[in-house]
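Some notes on the structure that comes next.
Only the coordinates and a few stated rules stand behind these numbers; no lab work does. Just so you know, these numbers come straight off a predicted model, no measurement behind them. We place every Cβ from the backbone using ideal geometry, glycine too, and count neighbours over all the protein chains shown.
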Amino acid sequence: MRKSIASYLMLTVTICILLFVSFSPDEAMDLSKYSTAGLKLNYTVSQDHSIKDDALVSNEVNKPISPILGKSFVGFKEALAFKESRGDYFVVNTLGYLGKYQFGAETLKLIGIHNPSLFLKTPELQEKAFIANTQRNKWILRRDIKNFVGKKLNGILITESGILAAAHLAGAGSVKNYLRSYGIDNFEDSYGTTIEYYMKKFSGYDTSSIKANKKAKAI
């Protein structure tokens, strides 16, 4: 019995010695071979706090800057343009209306533009057309502006900018009919947009810089 125990002990010790020898390196690793002393190192990754700071700076630089137009005339025409075409100078809608402010060919003729293709390609001309058409509408509606601004029709406060926006949508004649019928004759365009909707949506902008001009032309 004692011989058996001794044999098992010797076998166990022998196996342990063999395992130790087999997993031991032949020589100690010389780490000096891997030293970076004397090398010029170029790091391409910043420390975490630097990345955070850089990201903040980048976000500020790339953040879109939108001027606050408020109720100015520029705010008026840009809000109207966004409603008409999302501000796209080169769009033509399903009814053939053109550009940023969605002009019809007949309206363009009234303000001196007889080449719709050139008009569509020329943003500067489109801006001039909007001014000229608004001046002309203001002259046509001058008495209605005087008589109705400040009053309420169907719960909507009538303002000059609302009148001019509605005239852009439906024409000055339709706006006259709406005002003089005290809101009963509410014109609706082919897409279901009404004079009353434009009166309300574009209420209260400063359009005082637009001078009424019967003969206003874009060219």
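For this structure, a couple of remarks:
- Centroid-to-centroid, using Cα positions, region 70-111 and region 137-204 are 18 Å apart.
- Counting Lys and Arg as +1 and Asp and Glu as -1 over every other residue whose Cβ lies under 10 Å from the Cβ of Ile145, the net charge comes to +2.
- Here the gap between Glu78 and Leu118, fully extended at 0.36 nm per residue and compared with their Cα-Cα distance, gives a gain of 12.2 nm.
- Mean projected area of the convex hull spanned by the Cα atoms of region 77-116, taken over all viewing directions: 2.8 nm².
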